[in-house]
Amino acid sequence: MNVAIWTTIIINGLCTGSLFGLVSAAFSFQFGALRMMNFAYGAFVMVGMYIMYAGMHHFGLHAAAAVPILVVLYFFVGYFLRATLLKSADPNVQIIITSGVALVLESVVLFIVGALPRSLLAGIPPTWKIPFAGGILVISKLNILTFIVSSVVLIGFSTFLKRTWLGMTIRAVVQQKEAASLMGVDPEKIINAGFGISFVITAIAAVMISLQFVLEPTAGHYYQLIGFLVCVIAGMGNLKGGFYAGLLVGLISTMANIFAATWHDAILFILFVIILTFLPNGVFVSKKSISRAV
């Protein structure tokens with residue numbers, strides 16, 4: 001293969017990786033910072049994809065209108081889920097409840113829409129064809145959009161946590177819950193709000209996934225595994241490392257699809273086992289504590 005083909009593969013792999021980083025961001029924040037065992041994460045990604053599909057295909061909404069509705073809806077879903085079902089701090093209780101929620105969501109979607117795969121986009125997405133090094137770069141415009149959106153969301157979320165009053169309050173509650181409560185902060189409301197904000201990122205990830213991949217009721221399992229894989233490589237709660245880890249996994253995934261498609265999933269999870277065995281704290285983990293890294 002010539003330089004142009006390799007460059008195309010790398011660019012598309014990085015764009016896919018940015019999407020993986022976006023998928024893992026909310027998952028990492030919930031597990032690493034908020035200490036919430038949300039095993040329904042993939043199911044909520046899947047539901048968000050179907051809500052986006054229904055809004056555009058059945059209710060005639062433009063994406064510009066459908067996305068804000070989904071984002072607001074998911075904030076309140078996350079807030080009230082944490083305030084009610086997930087109020088217990090016991091991780092075992094959280095695992096059981098969220099696993100049950102995931103099964104319910106999948107069953108409801110399967111009952112309503114059936115198992116037939118659906119796609120939000122019709123036809124082949126538009127591409128740029130750029131002469132380069134004696135060949136042609138073929139770059140999907142949707143991939144570039146995904147990279148831009150993922151980068152903006154992750155940078156914006158990191159800035160929100162570090163620069164805004166609510167973001168700094170969330171970090172304070174995560175690091176020293178008792179001390180924050182002595183300063184007049186209601187830790188439960190702050191954690192509820194933080195969980196709701198993480199669902200906003202989940203909604204955006206669902207939108208970007210729905211624009212590129214087929215919708216299926218069982219798709220959430222795969223995205224939850226990808227999110228967990230990226231989080232393990234980055235180190236739980238490490239949002240910046242999560243983006244880098246997503247890029248790495250995206251490159252490996254793209255290469256595997258091209259050169260060993262039948263081994264794609266096996267390659268990714270062999271990597272997962274190796275990282276867990278030799279670098280259990282993550283490849284991109286910060287020297288700071290996980291709560292401070294967030």
Note on the chain: helices (DSSP H) long enough, at least 27 Å by alpha carbon along their axis, and hydrophobic enough, mean Kyte-Doolittle at least -0.5, are 3-28, 63-83, 91-113, 141-163, 187-210, 239-259
A student applying the Cα gyration tensor rule (rounded when a/c is under 1.5; otherwise prolate if a/b is larger than b/c, oblate if not) would label segment 105-146 prolate
Quick note on Phe272, Phe259, Phe20, Phe160, ordering by fewest other C-beta atoms within 10 Å, gives Phe259, Phe160, Phe272, Phe20
Of Gly78, Gly237, Gly156, the most mobile residue in a GNM of the chain (C-alpha springs, cutoff 10 Å) is Gly156
Taking a crude spin-label model, label points 7 Å out from Cα along the C-beta direction, the Leu85 to Ile144 distance in nm is 4.1 nm
Out of Ala54, Ala43, Ala25, a Gaussian network model of the chain with alpha-carbon springs under 10 Å gives the largest mean-square fluctuation to Ala54
Residues whose built amide H sits under 5 Å from the amide H of Phe39, excluding neighbours closer than 5 in sequence, are Thr98, Ser99
With +1 at each Lys and Arg Cβ and -1 at each Asp and Glu Cβ, the charge dipole magnitude of segment 134-286 around its Cα centre, to the nearest 20 debye, comes out at 420 debye
Only helices counted: for the chain, with every DSSP H run of 4 or more residues adding -39500 (n - 2.57) and the sum spread over all residues, [θ] at 222 nm is -23500 deg cm²/dmol
When the charge dipole of the chain is computed with +1 at the Cβ of Lys and Arg and -1 at the Cβ of Asp and Glu, the Cα pointing farthest to the positive end, of Gly227, Gly114, Phe29, is that of Phe29
Going fewest to most other Cβ atoms within 10 Å around each Cβ, Ile130, Ile197 line up as Ile130, Ile197
Segment 236-259 and segment 161-193 have their Cα centres apart by a whole-number Å value of 31 Å
With +1 on the Cβ of every Lys and Arg and -1 on the Cβ of every Asp and Glu, the dipole magnitude of the chain about its Cα centre, in debye rounded to the nearest 20, is 720 debye
Hydrodynamic radius by Kirkwood for segment 128-276, inverse mean 1/r across distinct Cα pairs, in Å, is 18.0 Å
For the chain, whose charge dipole is built from +1 on Lys and Arg Cβ atoms and -1 on Asp and Glu Cβ atoms, the candidate among Ala266, Ile190, Ala89 with its Cα farthest towards the positive end is Ile190
Put in order of increasing Cβ neighbours within 10 Å, starting from the fewest, His57, His62, His264 give His62, His57, His264
Among trypsin sites (Lys or Arg not before Pro) in segment 73-179, those in a DSSP loop whose Cβ has at most 11 other Cβ atoms within 10 Å are none
Interchain or sequence-distant (5+) residues whose placed amide H lies within less than 5 Å of the amide H of Thr127 are Lys141
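Any read-out appearing in this document is the output of simple, stated calculations on the displayed coordinates, not a laboratory observation. Since the structure is predicted, the reported quantities are computational estimates derived from the model, not experimental observations. Glycine also receives a Cβ, built like all others from the backbone with ideal geometry; neighbour counts cover every protein chain displayed.
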